[in-house]
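See structure below.
A short reminder: the numbers here are calculations on the coordinates, not readings from a lab. Remember, predicted model here, so these are calculated numbers, not experimental data. Backbone-built Cβ (ideal geometry, glycine too); neighbour counts: all protein chains shown.
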Amino acid sequence: MRILKDGCRLYGPEDGKVSAAGNWTGRMVICRDSGAKRITQSVNDYTHGSSRAVVNPNAEEVLYVANGEGACRINGFDYRLRSGTGVFIPPGAVYSIENSGPGTLRIIGACCPEDLQRRFIDPPLETASGEPPRLTVHEDEREQIRAGADRVFRFLVHTDLGCRQVTQFVGWIPPGKAPFHFHTYEESIFILEGRGILHLEGQMSASEFGPGSSIYLPNGVLHCLENPGPSPIRLLGVFHPSGSPGAAYEDD
């Protein structure tokens, strides 16, 4: 982990506190212990099989399938998972993950707020009956929205799924460098593809990042992400409070 100006953090692909149970191994990357205020970020890998059930009594949680396929059982309802799926876990909902494929199922999670009462639930939930609530969305189902002249994003978990605390999105950054800007929200970023440079106003040395890197940005910090090319950067973002990734403000 690199501690940067104004509370920003840059994490490498191996950073974070590791925990494991059954077919799950997780790394808690962004949390209060590492300087965050309200949001967390975890990188979770599942081998073949079903995980133990988990509950966050006091927090909303959003998940994103970075690679692999399987299912998420939420309060007894089963939801299909594939690469590009976003999942909303309401406070108090009990969920488990099943990896139905031969490879690793990787899921990037974020809670708001960090729930110190998060715990495993045994035995797992039985199958529920009735109509399941809409708690998942795939990025292909969302329209592409411009953020500035050349950057685009797609909402994933947002208010239409019942999420109130955070917004989850995927974004694409083409080669180039945006002007310095700031947001009014606290943000966690996970780099899915591509390599780039994080610039912070007033910090002489820039910070390089690549696939698997994580970035924490407090609200109000002037920054920009540069893509030196030639390929686009693809990233996953989660921020609190909920809003639009396109809401950026340049310093006057």
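What label, among (i) 6, 26, 30, 19, 11, 6, 1, 0; (ii) 7, 25, 27, 20, 15, 5, 0; (iii) 7, 32, 38, 17, 5, 0, belongs to P(r) over Cα pairs in 10 Å bins from 0, in percent computed from the structure on display?
Here P(r) over Cα pairs in 10 Å bins from 0, in percent agrees with entry (iii).
Give the residue from CYS163, SER213, HIS223 lying farthest towards the positive end of the charge dipole for the chain; charges sit on Cβ (+1 for Lys and Arg, -1 for Asp and Glu) and the dipole is referred to the Cα centre.
Projecting each Cα onto the dipole axis, the largest value belongs to SER213.
How many percent of Cα pairs in the range 133-252 exceed 25 Å?
The calculated P(r) of the range 133-252 puts 19 percent of pairs beyond 25 Å.
With all pairs of different alpha carbon atoms counted, what Kirkwood hydrodynamic radius in Å does the range 46-160 show?
15.0 Å
Cα centroid distance between the range 74-134 and the range 42-63, in Å?
6 Å
Net charge near ALA36: determine it from the other residues with C-beta under 11 Å of the C-beta of ALA36, scoring Lys and Arg +1 and Asp and Glu -1.
So the surrounding residues net to 0.
For the chain, set up a Gaussian network in which alpha carbons nearer than 10 Å are linked by springs, and say which option among ASP122, ASP45, ASP140 fluctuates the most.
ASP122
Roughly how big is the range 118-252's charge dipole about its Cα centre, with Cβ charges of +1 (Lys, Arg) and -1 (Asp, Glu), in debye to the nearest 20?
140 debye
Toward the positive end of the charge dipole of the range 16-138, about the Cα centre and with charges on Cβ (Lys, Arg +1; Asp, Glu -1), which of GLY130, CYS72, GLY16 goes farthest?
GLY16
Where is the GNM fluctuation largest for the chain (alpha-carbon springs, 10 angstrom cutoff): ALA178, ALA36, ALA110?
Of ALA178, ALA36, ALA110, the Gaussian network model singles out ALA178 as fluctuating most.
Between GLU141, GLU61, GLU131, which gets the highest mean-square fluctuation from a Gaussian network model of the chain, Cα cutoff 10 Å?
Highest fluctuation among the options: GLU131.
For the range 73-83, just list the computed ³J(HN,Hα) in residue order, Karplus coefficients 6.51, -1.76 and 1.60, θ = phi - 60°, integers in Hz, with x standing in for Gly and Pro.
After applying 6.51 cos²θ - 1.76 cosθ + 1.60, I find 9, 10, 6, x, 9, 9, 10, 5, 10, 8, 3 Hz.
Among the lysines, which fall within straight-line cross-link reach of LYS17, defined as a Cα-Cα distance under 28 Å, with same-chain neighbours fewer than 8 residues apart omitted?
LYS5, LYS37
I need the Kirkwood Rh of the range 87-126: take the reciprocal of the average 1/r across all distinct C-alpha pairs and report it in angstrom.
That comes to 12.5 Å for the range 87-126.
PHE77's amide H: which non-local residues (gap 5+, or another chain) put their own amide H closer than 5 Å, with H modeled 1.01 Å from N in plane and none for Pro or chain starts?
ALA128
Would you mind calculating the relative contact order of the chain from Cα pairs under 8 angstrom and at least 6 residues apart, reporting the percent as a whole number?
Computed over the chain, the figure is 19 percent.
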